[in-house]
Amino acid sequence: MYEVVLINDKKETIINAVSTEKEAPKITGTIKKGINVIDKFTFIILPNNPGFNLIEPYKTRIKVTNSKNQNIEFIGRIIPSGQDMKDNGLFSKNITAEGELGYLIDSIQNYNEYHNISVREYLEKLIEYHNSRVEDYKKFKVRNVTVEDSNDSLYRYTDYSSTWNNINDDLIDKLGGEIQVVHDEECIYLDYIKEIGKVSETEIRIRHNLKSISNQMKLENFYTRIKVLGMKLKTKDSEGNEVDSEERLTIESVNGGKDYLDYTEGIEKFGIIEGVITYDDVSEASNLLSKGQKFIESLKINISNSVTALDLSLIGLDFDSFEVGNYHPIIVEPLGINYTQRIVEKTIEIRNPSANSITLGDKQVNINNYYVNNNKIISKTSRENKENVAEIQARVGNLEKEVSSTNTENKSLLKRIQNVEGSLGSYVTIETFNKKINEINENFKKLDERLKKVEGGSTT
């Protein structure tokens, strides 16, 4: 399903062929794709593969194409990797490749200052300098830019770090937005847009395309007691000049002597976990308290869902495929899940597409709603399980009665045959005897069918 090609000086070598032939080259590997990250492709290649000795770090490029829809799932370059010998004497190479965004690591920006410049203009300046420092195949062209600064007038300076670091630090971290690479035969286009992807109608649900789901609460950076700090307090130096100190404004004077706020529901569930929030521009304790209280009210628990689902679009059964950035309805009734979530990571197993998985963006829920909902799910599941057990027990009890009744009927039938044989002697025909035996067999056949229905969970 996935064709993998090595590219050395425009010469292509297939190292994973879409073929059932025994001699066709094969590798095993995994692609990981995400948002605002450099895609990765790791794979294992054996000595009998035609590409085994053609891999050169940074020089060799690699392309993975989905043969079903002809989409390029990965394109990038090999980075330094290792090779192994197993205890059975078999050699192999464990190769890692990085996506085209990795090219932006290869150029280092000079120190420069930019005033009154738009988001697009600043990105174009960075890419223009990058393109002047690298080979042709590493060059980008800025295409769509929809991220905006509130004043559309940036003040930025570049330091002696990579182009990729400058894009992250000066644009993504400060303004948000997402980077997207679109590749064609002529150029690598770079988009910087508010959000990649689209809203899809393709549902992820049980008994359709969902194979497995891991639903996990995430408590990183989750605190139940918050120390609320404002701007730095002023002090005087040895010469009497007013300067900033490291001490900050607190809410102690307007909060009964406490410089912190408690998230009561969180403490009840998890105990005391201290954290700090800082508002550099707040100079009044009352305003600081108000901001802290709003922060407490906004606290949510992040729920992460990792999903293994079949991409049925590849065989025409779903409208959209699973792509990073897309939103999909996810419906898992037993876990109380029925909402739309975004795909933030995608993992592709090139030799086993049915094992492909996606990670959905965090769902934020109120802590009380989370536990109330979970208790409802547990109660509902427990009740359903009890009802199912009671139903099965009743059906088994009825079946036991039917078995006993059928055995009695069959014994009675056999006795009648024997009586007929005794009374008629040689006048009993073979046809009469076979008819009676067929009646017994038919009774057992019906009974066997009913047993199979019970074992299979049928309610009919």
Of all residues being open to solvent by less than 80 Å² (accessible area, probe 1.4 Å) and of a type in the set (A, V, I, L, M) in the range 107-125, which is farthest from Asp149 (Cα to Cα)? Just the residue, please. Leu123
Residue check: is Glu284 modelled with pLDDT under 90 and either over 41 Å from the mean Cα position of the chain (by Cα) or closer than 25 Å to Lys363 by Cα (or both)? no
Going residue by residue through the range 239-256, is there one that turns out to be surrounded by fewer than 16 Cβ atoms within 10 Å (Cβ to Cβ), in contact with a helix residue (DSSP H, G or I) (Cβ under 6 Å, 6 or more places away or on another chain), more than 30 Å from Lys32 (Cβ to Cβ) and not hydrophobic (A, V, I, L, M, F, W, C)? yes
Can you name the number of the only condition in (1) open to solvent by 50 Å² or more (accessible area, probe 1.4 Å); (2) modelled with pLDDT under 75; (3) among the acidic types (Asp, Glu); (4) touching a Ser or Thr at 6+ places or on another chain (Cβ under 6 Å) that Asp362 fails? (2)
Of the residues in the range 247-266 that are touching a Leu at 6+ places or on another chain (Cβ under 9 Å) and in a strand (DSSP E or B), the one that is modelled with the lowest pLDDT is Glu247
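Could you tell me whether the range 8-23 includes any residue that is polar (S, T, N, Q) and open to solvent by 60 Å² or more (accessible area, probe 1.4 Å)? Walk me through how you get there before you give the answer.
First, the residues of the range 8-23 that are polar (S, T, N, Q): 8, 13, 16, 19-20.
With the extra rule that they be open to solvent by 60 Å² or more (accessible area, probe 1.4 Å), the set shrinks to 20.
Yes, there is a match, as at least one residue in the range 8-23 is polar (S, T, N, Q) and open to solvent by 60 Å² or more (accessible area, probe 1.4 Å).
Looking for whichever is under 30 Å from Val332 (Cα atoms), outside any loop (DSSP other than H, G, I, E, B) and of a type in the set (Val, Ile, Thr) here; the options are Ile226, Ile167, Ile213, Ile196. Which one fits?
On the way: Ile226 fails: under 30 Å from Val332 (Cα atoms); Ile167 fails: under 30 Å from Val332 (Cα atoms); Ile196 fails: outside any loop (DSSP other than H, G, I, E, B).
Going through Ile226, Ile167, Ile213, Ile196 in turn, the sole match is Ile213.
Quick one: in the range 94-106, which of the residues that are of a type in the set (Val, Ile, Thr) and open to solvent by 20 Å² or more (accessible area, probe 1.4 Å) is farthest from the chain's Cα centre (by Cα)?
Ile105
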Got a number for residues in the range 267-300 being part of a helix (DSSP H, G or I) and not acidic (Asp, Glu)? 16
Selected residue (criterion: farthest from the chain's Cα centre (by Cα)) from residues of the range 307-330 that are among the small types (Gly, Ala, Ser) and assigned to a loop (DSSP other than H, G, I, E, B): Gly316
Residue pairs meeting the criteria (Cβ under 7 Å; at least 6 apart or on separate chains; first on the phi < 0 side of the Ramachandran plot and open to solvent by 40 Å² or more (accessible area, probe 1.4 Å), in the range 153-167; second of a type in the set (Asp, Glu) and part of a strand (DSSP E or B)): Tyr157/Glu113
Those residues of the range 32-59 that are in contact (Cβ under 8 Å) with a residue 40 or more places away in the chain, farther than 23 Å from Glu135 by Cα and not polar (S, T, N, Q) come to a total of 11
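Kindly evaluate Glu128 against the criterion of being modelled with pLDDT of 95 or more, open to solvent by 70 Å² or more (accessible area, probe 1.4 Å) and of a type in the set (Asp, Glu).
Working: modelled with pLDDT of 95 or more: yes; open to solvent by 70 Å² or more (accessible area, probe 1.4 Å): yes; of a type in the set (Asp, Glu): yes.
Answer is yes for this residue.
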Taking Ile38 as the residue in question, decide whether it is touching a helix residue (DSSP H, G or I) at 6+ places or on another chain (Cβ under 7 Å), modelled with pLDDT of 95 or more and surrounded by 13 or more Cβ atoms within 10 Å (Cβ to Cβ). yes
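Mind telling me which of the residues Ser283, Ser290 ends up being hydroxyl-bearing (Ser, Thr, Tyr) and either open to solvent by less than 30 Å² (accessible area, probe 1.4 Å) or in contact (Cβ under 8 Å) with a residue 24 or more places away in the chain (or both)?
On the way: Ser290 fails: either open to solvent by less than 30 Å² (accessible area, probe 1.4 Å) or in contact (Cβ under 8 Å) with a residue 24 or more places away in the chain (or both).
One residue alone meets the criteria, Ser283.
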Sort out which residues of the range 32-73 are touching an Asp or Glu at 6+ places or on another chain (Cβ under 6 Å) and closer than 21 Å to Ser313 by Cβ, and write them in order of number. Lys33, Gly34, Ile35, Val64, Thr65, Asn66, Ser67
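The values are calculated or read from the model by the stated rules, or taken from the named source; none is laboratory data. These numbers come from a predicted model, not from an experiment. Cβ: placed from backbone, ideal geometry, glycine included. Neighbour counts: every protein chain shown. Only protein heavy atoms, including side chains, enter the accessible area calculation; ligands, DNA and RNA are left aside. Shrake-Rupley method; radii C 1.70, N 1.55, O 1.52, S 1.80 Å.
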